[in-house]
Amino acid sequence: MNWKVFALFLAALSAALPALAQHSSSEPVLDVSAMDKTVDPCVDFYTYSCGGWIKKNPIPPDQPSWGTYEKIEDENRAQLRRILEEAADAKRPRDALTQKIGDYYASCIDEAAIEKLGANPLLPELQRIAALRSKQDLSDYAATTQFPPSLYEGGTLFAFRSNQDYKDSTQVIAEVDQGGLGLPDRDYYLKDDAKSEELRKAYVTHVEKMFELLGDKPADAVTEAATVMRIETSLAKGQMTRVERRDPPKLYHKMSVEELQKLAPAFNWNAYFTKTGVGSLASPFATLNVVTPDYFHIMNEEIEKENLAGWKAYLRWHAVHNAARDLSSAFVKENFNFYMKTLQGQEELRPRWKRCTNDVDNNLGEALGQAYVAKYFSPEAKQAALKIVQQVEAAMQSEIQTLPWMGAATKKQALIKLHAIANKIGYPDKWRDYSALDIVRGDEIGNSERASWFEFHRSLAKIGKPVDRKEWDMTPPTVNADYDPQRNDINFPAGVLQPPLFSAFSDAAPNYGDTGATMGHELTHAFDDEGSQFDAQGNLRNWWTEADRKEFEQRAQCVVDQYSSYTIIDDIKINSKLTNGEDLADLGGTLLAYLAWKEDTKDQKLEPLDGLTPEQRFFVAYGQGWCTNERDENKRLRATVDPHSPEKFRANGVVSNMKEFSAAFHCKPGQPMVRENACRAW
Ligand SMILES: [Zn+2]
């Protein structure tokens with residue numbers, strides 16, 4: 001059966017037979033048939049663990065890459081779809097949350113109604129832009145746009161949100177940050193290699209096409225797109241690089257609103273803050289963190305330099321760009337063509353139900369998440385996961401106590417920090433309140449707009465209030481995990497605690513090798529080059545002695561040097577200063593999981609299984625967490641924006657530093673998976 005047909009067949013099947021796609025308790029966490037035992041594990045461990053998987057799992061046409069994580073994401077999505085289809089049935093009695101998620105989904109899935117509207121939902125916004133009389137009006141427009149002022153980088157002009165104060169972790173303050181670009185990173189505008197030039201051309205063509213879809217004459221669209229590119233290139237020059245942004249002290253510039261007004265006088269900040277609704281939501285603020293002062297200086301220059309017509313072109317582009325996914329198919333397709341096809345190599349647009357499921361997860365994640373955990377995350381799974389975290393933390397404690405390179409004073413602080421880490425597993429103890437958010441059946445763009453504003457106001461309402469440490473940033477079905485250095489907590493949503501990464505019914509070796517290593521990974525982030533600059537309370541404060549910090553930096557540098565030698569694609573090497581925190585976390589996390597597993601099973605007699613020793617099974621499970629097929633375009637994108645190394649090196653880079661690995665597979669000195677000067681920090 002041809003793959004595309006097969007994928008459709010599977011989707012149809014899982015919709016018809018809900019029980020089939022649920023993970024059965026016998027599903028193996030370690031899959032021997034996914035291995036390629038013809039490969040020597042001491043030569044290329046990744047291919048040894050994943051060779052069979054790589055052959056059996058071609059990239060589906062609607063994916064830019066396809067790995068263990070993406071596969072679970074797709075399965076979770078199918079489960080969410082069943083919840084949403086049931087919730088969308090208005091004939092059944094529904095509680096308030098079911099109404100919201102069901103009607104959001106029903107409005108989004110109604111392609112015919114959306115198609116009929118064409119670009120109409122965007123017209124009021126375009127009229128507002130056309131009506132701007134002077135550049136003085138920019139602040140008013142930015143504060144009241146149909147699509148809310150961005151919380152994060154990438155939105156129109158800049159980002160505005162709340163954040164925990166870097167130096168007073170009990171308080172939430174206002175924060176403005178760089179933003180305003182349509183391409184994924186400043187480097188896309190500034191690098192002069194052939195590939196970057198080619199992508200810039202494709203981007204300008206895409207912007208032109210979007211203007212034409214709005215009804216602009218082709219000649220006008222060309223001029224407008226050139227203006228957009230000129231403005232965004234200038235803004236890009238003012239932005240900090242991703243590597244610079246990994247150094248937290250560089251992101252902290254607390255100033256008064258007056259000082260910001262002096263830094264960027266062409267923009268009326270008081271009017272902007274008042275109009276966004278800050279005054280009515282929380283205590284109005286006198287000071288805020290300006291994350292990137294240089295950016296606001298450049299933005300100011302740009303406002304002065306470009307005329308009003310130029311700014312209108314820029315705003316029109318960002319308006320249509322922000323709305324594209326909610327408009328008719330011409331916009332959806334053109335948006336897909338550039339962002340997914342050209343930039344990431346994805347061959348086909350995802351089916352509408354997948355996009356709508358993601359939208360509900362993004363906008364009502366803790367409403368949908370309640371239904372998801374009730375069905376797909378058992379109390380046993382939560383307990384089993386919690387036990388592994390605790391074992392991994394105990395392993396870290398004994399590692400810190402015995403570290404040869406760290407002095408007693410720093411060790412004491414490190415242990416205080418370790419003991420203060422909160423473990424958040426599965427889902428929040430207290431769910432988010434969505435009662436103020438109206439979801440109206442049949443109003444796709446209105447729902448999207450109200451949900452975005454709801455999230456924006458939720459962020460701003462925290463300004464001036466104490467930090468809520470119980471809050472979650474990821475939704476329960478998310479297939480990801482993280483460590484937050486400001487809250488000093490690790491987060492494992494229910495969505496990532498699923499087979500084959502984790503199973504409450506599996507024996508210990510694969511669970512520790514896979515999810516245990518990820519737990520160790522997140523824990524290590526508390527002590528990586530970035531996280532180690534925060535203390536137990538999440539304050540940016542140096543708790544290291546100078547000598548110990550130097551010792552640590554030498555060890556981190558060993559990992560920087562190791563990963564900088566790996567090639568991603570063509571002649572692109574890993575930007576290992578960008579990936580250092582993740583590489584350190586992979587290395588430390590896997591070691592901690594190994595030690596934790598050994599301790600947890602020390603009274604058991606572990607037997608070989610499927611021709612693998614228990615130690616080998618631990619490592620193969622680790623390797624199989626990274627099995628991935630990826631499109632070349634996506635590799636290039638990630639080389640610029642992703643702080644994680646490619647999966648192959650996340651497997652091989654780690655094990656080649658571990659003597660526990662060479663012992664498990666009897667590797668000899670000089671073999672590729674045995675590094676002569678092995679790195680080790682924790
Ligand atoms: Zn990480």
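The values are calculated or read from the model by the stated rules, or taken from the named source; none is laboratory data. As the structure is a computational prediction, the values presented were derived from the model and not from experiment. Don't worry about glycine lacking a Cβ; one is built from the backbone with ideal geometry, like all the others, and counts go over all protein chains shown. Surface accessibility is based on the protein's heavy atoms, side chains included, excluding ligands, DNA and RNA. Shrake-Rupley method; radii C 1.70, N 1.55, O 1.52, S 1.80 Å.
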Q: Please specify each residue of region 340-370 satisfying the condition of being over 18 Å from Pro60 (Cβ atoms), under 17 Å from the mean Cα position of the chain (by Cα) and open to solvent by 30 Å² or more (accessible area, probe 1.4 Å).
A: Asn362, Asn363
**Q.** helices (runs of 4 or more DSSP H) wholly inside region 277-380 containing at least 3 residues that are at pLDDT 95 or above and within 30 Å of Lys465 (Cβ to Cβ)
**A.** 293-305, 352-376
Q. Which one of the conditions (1) within 15 Å of the ligand (Cβ to nearest atom); (2) at pLDDT below 95; (3) acidic (Asp, Glu) does Asp610 fail to meet, given that it meets all the rest?
A. (1)
Q. Which of (1) more than 21 Å from the chain's Cα centre (by Cα); (2) surrounded by fewer than 20 Cβ atoms within 10 Å (Cβ to Cβ); (3) of a type outside the set (D, E, K, R) is the odd one out, the single condition Tyr152 does not satisfy?
A. (1)
Q: Could you tell me whether region 651-670 includes any residue that is among the basic types (Lys, Arg), farther than 22 Å from Gly611 by Cβ and not in a loop (DSSP other than H, G, I, E, B)?
A: yes
Q) Any chance region 492-510 includes a residue that's within 16 Å of the ligand (Cβ to nearest atom), in contact with a strand residue (DSSP E or B) (Cβ under 6 Å, 6 or more places away or on another chain) and in a helix (DSSP H, G or I)? A) no
Q) Restricting the search to region 516-569, which residues are touching a helix residue (DSSP H, G or I) at 6+ places or on another chain (Cβ under 8 Å) and among the polar types (S, T, N, Q)? A) Thr518, Thr524, Ser532, Gln533, Gln537, Asn542, Thr545, Gln562
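Among the residues of region 224-234, are any out of contact with any Lys or Arg (no Cβ under 8 Å at 6 or more places or on another chain), open to solvent by 60 Å² or more (accessible area, probe 1.4 Å), assigned to a helix (DSSP H, G or I) and at pLDDT 95 or above? Write out each step before concluding.
So the first thing to find is which residues in region 224-234 are out of contact with any Lys or Arg (no Cβ under 8 Å at 6 or more places or on another chain), and the list is 225-228, 230-233.
Those still in the list that are open to solvent by 60 Å² or more (accessible area, probe 1.4 Å) too: 230.
Keeping just the survivors that are assigned to a helix (DSSP H, G or I) gives 230.
Among the residues that remain, those that are also at pLDDT 95 or above are: 230.
Looking for residues that are out of contact with any Lys or Arg (no Cβ under 8 Å at 6 or more places or on another chain), open to solvent by 60 Å² or more (accessible area, probe 1.4 Å), assigned to a helix (DSSP H, G or I) and at pLDDT 95 or above, one finds at least one in region 224-234, hence yes.
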Q. Is it fair to say Gly513 is away from the ligand (no atom under 16 Å from the Cβ), under 30 Å from Asp610 (Cα atoms), open to solvent by less than 10 Å² (accessible area, probe 1.4 Å) and in contact (Cβ under 8 Å) with a residue 24 or more places away in the chain?
A. yes
Q: Report whether or not Asn322 is open to solvent by 30 Å² or more (accessible area, probe 1.4 Å) and within 18 Å of Glu85 (Cβ to Cβ).
A: no
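For Gln624, indicate whether it is in contact with a Cys (Cβ under 8 Å, 6 or more places away or on another chain) and surrounded by 20 or more Cβ atoms within 10 Å (Cβ to Cβ). Quick ask: steps written out before the conclusion?
Values: in contact with a Cys (Cβ under 8 Å, 6 or more places away or on another chain): yes; surrounded by 20 or more Cβ atoms within 10 Å (Cβ to Cβ): yes.
Yes.
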Q: Would you check if there is a residue in region 580-589 being open to solvent by 10 Å² or more (accessible area, probe 1.4 Å), under 23 Å from the mean Cα position of the chain (by Cα) and either farther than 29 Å from Glu70 by Cα or within 13 Å of the ligand (Cβ to nearest atom) (or both)?
A: yes
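Quick one: which of Leu97, Leu84, Leu117 is open to solvent by less than 40 Å² (accessible area, probe 1.4 Å) and not hydroxyl-bearing (Ser, Thr, Tyr)?
Details: Leu97 fails: open to solvent by less than 40 Å² (accessible area, probe 1.4 Å); Leu117 fails: open to solvent by less than 40 Å² (accessible area, probe 1.4 Å).
One residue alone meets the criteria, Leu84.
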Q: State whether one or more residues within region 206-214 are more than 30 Å from Gln486 (Cα to Cα), at pLDDT 95 or above, touching a Leu at 6+ places or on another chain (Cβ under 8 Å) and in a helix (DSSP H, G or I).
A: no
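Taking the options Pro218, Pro248, Pro265, name whichever one is under 26 Å from the mean Cα position of the chain (by Cα) and not aromatic (Phe, Trp, Tyr). Talk me through it step by step, then tell me what you get.
Working: Pro218 fails: under 26 Å from the mean Cα position of the chain (by Cα); Pro265 fails: under 26 Å from the mean Cα position of the chain (by Cα).
Of the residues listed, the single one that is under 26 Å from the mean Cα position of the chain (by Cα) and not aromatic (Phe, Trp, Tyr) is Pro248.
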Q: Could you please find all residues in region 524-559 being farther than 19 Å from Ser169 by Cβ, modelled with pLDDT of 95 or more and within 16 Å of the ligand (Cβ to nearest atom)?
A: Thr524, Ala556, Val559
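Within region 437-491, can you find the residues that are within 16 Å of the ligand (Cβ to nearest atom), open to solvent by 20 Å² or more (accessible area, probe 1.4 Å) and either touching a helix residue (DSSP H, G or I) at 6+ places or on another chain (Cβ under 7 Å) or not in a loop (DSSP other than H, G, I, E, B) (or both)?
So in region 437-491, the residues within 16 Å of the ligand (Cβ to nearest atom) come out as 473-474, 478-491.
Going one step further and asking which of them are open to solvent by 20 Å² or more (accessible area, probe 1.4 Å), we end up with 473-474, 478, 480, 482-487.
Of everything in region 437-491, those that are within 16 Å of the ligand (Cβ to nearest atom), open to solvent by 20 Å² or more (accessible area, probe 1.4 Å) and either touching a helix residue (DSSP H, G or I) at 6+ places or on another chain (Cβ under 7 Å) or not in a loop (DSSP other than H, G, I, E, B) (or both) turn out to be Thr478, Asn480, Asp482, Tyr483, Asp484, Pro485.
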Q | Residues of region 529-564 that turn out to be free of Cβ contacts under 8 Å to residues at least 60 places away in the same chain and open to solvent by less than 10 Å² (accessible area, probe 1.4 Å), as a count | A | 2
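Determine, yes or no, whether Ser656 is more than 16 Å from the ligand (Cβ to nearest atom) and touching a Pro at 6+ places or on another chain (Cβ under 8 Å).
Working: more than 16 Å from the ligand (Cβ to nearest atom): yes; touching a Pro at 6+ places or on another chain (Cβ under 8 Å): yes.
Answer is yes for this residue.
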Q: Within region 613-650, track down each residue that is within 16 Å of the ligand (Cβ to nearest atom), closer than 16 Å to Thr590 by Cβ and in a helix (DSSP H, G or I).
A: Tyr622, Glu647, Phe649, Arg650
Q: Please work out if Lys573 is among the charged types (D, E, K, R), within 16 Å of the ligand (Cβ to nearest atom) and open to solvent by 40 Å² or more (accessible area, probe 1.4 Å).
A: no
